[in-house]
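Notes follow the structure.
The values are calculated or read from the model by the stated rules, or taken from the named source; none is laboratory data. These numbers come from a predicted model, not from an experiment. A quick note on method: Cβ atoms are made from the backbone with ideal geometry, for glycine too, and the neighbour counts reach across all protein chains shown. Protein only, heavy atoms only, side chains kept; ligands, DNA and RNA dropped before computing areas. Shrake-Rupley method; radii C 1.70, N 1.55, O 1.52, S 1.80 Å.
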Amino acid sequence: ITLYNADCREVAKSVKCDFILSDVPYPDYYADEYGYFPPVFLNDFSCRQLIFWSAKAEFPLDYTAIHIWDKRVGVGSAYERIFERNGQANWLVFSCTAVNNQRTADYSHDVFYGHPSQKPVLLMRKLIKRFVPAGSIIFDPFSGSGSTLAAARDLGYQAVGCEENKKWCSVSVERLAQQSLFTLPNNSVQR
């Protein structure tokens with residue numbers, strides 16, 4: 001697992017990947033922190049992609065399918081969309097409790113790190129098992145607290161992550177350093 005505390009547009013110039021799995025900043029949720037519209041970056045890649053996206057805004061890129069993450073929250077059902085790009089046209093539903101506090105994290109056998117849009121590692125493992133061929137390199141250009149990277153590590157995949165925010169990059173380092181497979185490139189976060 002490799003993690004960069006850097007702008008994903010710079011890292012992408014030298015990263016090789018076979019699959020992108022990412023929770024891209026939504027226009028209605030933290031996207032203003034970037035000096036560009038984050039999803040447009042994904043057009044630079046022709047590989048298969050799974051991209052989490054807000055239900056409050058139209059997805060701005062072409063896609064082949066929309067999958068649903070059923071968050072199993074309270075009475076009724078909250079959901080989030082996962083857009084598949086450069087893939088198949090069939091859609092699937094993935095049920096997994098959201099991780100938005102320590103109580104829900106405990107229920108999901110996870111740890112809540114305080115990230116406002118933390119994805120459950122269990123969900124990320126399900127997506128990787130279902131969509132990513134063995135031996136593929138996974139890229140998460142907006143890695144947040146490192147859920148995609150932790151799931152890739154748990155399943156034995158190579159993965160590269162980018163996170164511009166130093167706080168969340170440090171959280172990912174702590175989270176991933178618990179395993180011996182974690183390495184730091186020369187220009188990444190140092191402890």
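For the chain, the dipole from Cβ point charges (+1 on Lys and Arg, -1 on Asp and Glu) about the Cα centre works out to 520 debye, to the nearest 20. The aspartates and glutamates within cross-link reach of residue 129, meaning a Cα-to-Cα straight distance under 12 Å and a gap of 8 or more places when in the same chain, are 154.
Computed with every protein chain present, the accessible area of residue 61 is close to 20 Å² [probe 1.4 Å].
Estimated at 0.36 nm per residue, the fully extended path between residue 79 and residue 55 surpasses their Cα-Cα distance by 7.8 nm. Taking each DSSP H run with n ≥ 4 as -39500 (n - 2.57) and averaging over every residue of the chain yields -6000 deg cm²/dmol at 222 nm.
Compute for the chain: radius of gyration divided by Kirkwood radius, i.e. Rg/Rh, restricted to C-alpha atoms, rounded to two decimals. Reported Rg/Rh (Cα atoms, Kirkwood Rh): 0.93. Looking at the stretch 54-143, the GluC sites (Glu not before Pro) that sit in a DSSP loop and have at most 11 other Cβ atoms within 10 Å of their own Cβ are 58.
Sequentially through the stretch 88-97, phi angles give Karplus couplings (6.51, -1.76, 1.60; θ = phi - 60°) of 8, 9, 7, 10, 9, 10, 10, 9, 6, 4 Hz, Gly and Pro residues having no value and appearing as x.
Please report the antiparallel percentage of DSSP beta bridges with both residues in the chain, rounded to the nearest 5. Working shown, then result.
Details: 12 of 31 bridges.
Close to 40 percent.
Defining a contact as two alpha carbons under 8 Å apart and six or more residues distant in sequence, what relative contact order in percent does the chain show? Provide the component values of the computation, followed by the final result.
Details: 376 pairs, mean separation 52.8, N = 191.
Dividing the mean separation by the residue count of the chain yields 28 percent.
Highest mean packing first, where packing is the average number of other Cβ atoms within 10 Å per residue, the peptides 157-168, 6-17 line up as 157-168, 6-17. With 10 Å bins beginning at zero, the pair-distance distribution over Cα atoms of the stretch 93-134 amounts to 32, 47, 20, 1 %.
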